[in-house]
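See below for the structure under consideration.
The values are calculated or read from the model by the stated rules, or taken from the named source; none is laboratory data. What you are looking at is a predicted structure, and each value in this text was computed from that prediction instead of being measured. Quick reminder, even Gly has a Cβ in these numbers, built from the backbone with ideal geometry, and neighbours come from all protein chains shown. Keep in mind that these areas ignore ligands, DNA and RNA; they rest on the heavy atoms of the full protein, side chains included. Shrake-Rupley method; radii C 1.70, N 1.55, O 1.52, S 1.80 Å.
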Amino acid sequence: MRVHVRLFAASVLALCVPASAQWLKYKTPGIPRTADGRPELTAAAPKTADGKPDLSGIWRGDPGGYGVNVAADLKPSEIQPWAEKLYKQRLEDMGKDSPSYRCLPGIGPYVIFGMFKILQTPNAMGFLSEFNGSRQVLTDGRPLPEDPNPTWQGYSVGHWEGDTFVVESAGFNDQTWLDIGHPHSEELRVTERFHRKDFGHMDVKMTFSDPKIYARPFSIDVELELVPDTELLEYVCNENEQSLKHFVITEEDRKQSRTNVKVAPEILSKYAGVYEMQNPEDPKGKPISIWILTEGDQLLTQMNGAGPKIPLAAQSATVFSLLGGTVIFATDDKGAVTHFTMQAVEGDFKVPRKGDLPK
Amino acid sequence: MKTIAVLIVAASIAPAQWLDFPTPGVPRLADGKPNLTAPAPKTADGKPDLSGIWVTKAGYTGNIARDLKPGELSFQPWASEVYKHRQETQGKDDPQAYCVLSGVPREHVVPYPFKILNTNGMIVILYEALHSYRQIYMDGRKLPKDPNPTWMGYSIGRWEGDTLVVDSAGFVDNNWLDNGGHMGTEAMKLTERFHRRDYGHIDLQITVDDPKAYTKPWTVKLEFTATPDTDLIEYVCDENEKDLVHLVGR
């Protein structure tokens, strides 16, 4: 799951898809266009011959902060303590045991995170993913299996409720991670409701139910955008794999890790504030607002002051880490915080502090 | 290899009702069994509908060219050496052993089922093996001139009467066309002719034109049989992987 390595900067940077020639620039047939040839993404949603909405197309979805914490809307008391502990442990281990790092797939519903293509056919809705193979949602009337052989992707059946395509999935194994560390059991069930609002936009409500671990069902909303005039790229996880050998966190490292680094709340509170990051892919666009907050002795980050808060783990008084990157705070000669540097695989990005958090 | 393949296929059939669900729209005999010699179905536009789950005729996994007469397949000298090496080392360098995609046309000689989906502007094949898929564009686009090489290649299709003709190019340079190690290079161009002769059978003719590896094009014939009333099962190559350490070859 690519989503595991996403963080607030990565979700910005992930848009860098290597360009290659005319195959990827071929104009998608059948897209309504303006007079100058641009796709008209607010045109009406298309229908198939049987009058149902046609969900076909290449789409891109992003779970936003929920990719880091899918259960962000639950209270800690609504999650089994062992599961919450495991989540924190995986966070501290930088996800070294993540199945995605071993090229194992995520649950079927997660194909919508990233670029994917929907194929609408009479007996199945096919999903082609760049990173997660293919997924089938069978619409031939069969029920979900009662005692299935557990699988990574699970089994999915779909039906229409008015203009909404409802997908129910079960039969997952208990090996995948729902985000960067939340576990699930074999009893997990996922319901997805796809609603194509117009030509270029589709809402998905994804609801998770796993009473063995989570006290109540919880949902995330994902907005899908149609990506016209391009194609999926081949993604072969095992090709030229060089990463695994670097995942070497040992018990000894763990002892020395951030669990033992305590930074005084008065230092942390200096970092709190609103920061603005320029999307390197869109240098003239509106900067992304990143909030840094504190709760007790925990530093957190939040996109635009909304959605899940993502914990930052202290490596020292100025260096903090989160999956996939490092955040280093900088001060001026008077000790005032001026910016942080975001270090990610894609490079170093300076993110200036713009002001205090709103009261 | 054939015996192993048969065993693997037999072992993979297990869980109950999901895999036993009767496929809707299948012509049936009086006893309810699928009538595989019924006429081939058509799509709304009158073209043959290749949809369904298919399995290739056994026997070609190790050697896609096994039916060819001596001289019909003629290696370039270097390619002959590579093929000999792959045979002698028992395929220890086979990319599939590293869970890299089988690629095309190898997906059509391995004993795993695949599903053909017929959809707006394209024909898509979902392969059980390695959880991969292949897209065949029917929207009139041309093959890319200088493509990024891929395992599955780029494919465009057109109808010649009732035959789907698929042209493909843009393959990686170290392709294996079968488990035995017939190679394909970046110069490889494939022409595949799919003909669904009745409900239960597709004849496939593949022409491999790869002047870098072979002195002339060669053509093989395969046959697919429809397998209704079941479905693909999940194939996760990286799960519980224990083989690699044993692939020592010579």
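Points to keep in mind about this one:
- Each of B:129, B:87, B:53 was placed along the dipole of chain B (beta-carbon charges, centred on the mean Cα), and the one lying farthest toward the positive end is B:87.
- Radius 13 Å from Cβ of residue A:197, net charge of other residues (Lys, Arg +1; Asp, Glu -1): -3
- Heavy atoms of residue A:151 accessible to a 1.4 Å probe, total area in Å² rounded to 10: 10 Å²
- Cα long-axis angle, helix B:2-11 against chain B (0 to 90 degrees, to the nearest 10): 40 degrees
- Note on residue B:75: accessible area is roughly 50 Å² with a 1.4 Å probe, heavy atoms of protein only.
- Cα gyration tensor, the range B:94-159 - rounded (a/c under 1.5), prolate or oblate: oblate
- Anisotropy class of the protein assembly as shown from Cα gyration tensor, a/c 1.5 cut: prolate
- Proximity of backbone amide H atoms, modeled 1.01 Å from N, is registered between residue A:278 and A:288 at under 5 Å, excluding neighbours fewer than 5 places apart on the same chain.
- Among the lysines of the range B:46-111, pairs that are 8 or more positions apart or on different chains and have alpha carbons within less than 27 Å of each other number 6.
- Theoretical gain in end-to-end length, residue A:49 to residue A:212 [0.36 nm per residue, Cα-Cα removed]: 54.4 nm
- Listed residue pairs exceeding 20 Å between alpha carbons, taken from A:27/B:142; A:25/A:286; A:270/A:350; A:117/A:309; A:27/A:284; A:25/B:142: A:25/A:286; A:117/A:309; A:27/A:284
- Dipole magnitude for chain A: computed about the Cα centre from +1 point charges on Lys and Arg Cβ and -1 point charges on Asp and Glu Cβ, it is near 620 debye.
- Comparing B:235, B:208, B:245 along the charge dipole axis of the range B:206-250, the residue lying farthest to the positive side is B:208, per the Cβ-charge model.
- Think of each Lys and Arg Cβ as +1 and each Asp and Glu Cβ as -1; about the Cα centre, that makes the dipole of the range B:21-124 roughly 240 debye.
- The range B:210-241 versus the range A:314-359: alpha-carbon centroid distance in Å: 51 Å
- Estimated FRET transfer efficiency (residue B:58, residue A:160; beta-carbon r; R0 35 Å; 0.05): 0.30
- Local net charge near residue A:269, Cβ-Cβ under 13 Å (Lys/Arg +1, Asp/Glu -1): -3
- Gyration tensor (alpha-carbon) shape descriptor, the range A:158-229, a/c threshold 1.5: prolate
- Rounded to 10°, Cα long-axis angle of helix A:81-92 versus longest principal axis of chain A: 70 degrees
- Close amide-amide hydrogen proximity is noted between residue A:261 and no other residue 5 or more places distant or on a separate chain, at a cut-off under 5 Å (H modeled in the peptide plane; Pro and chain starts excluded).
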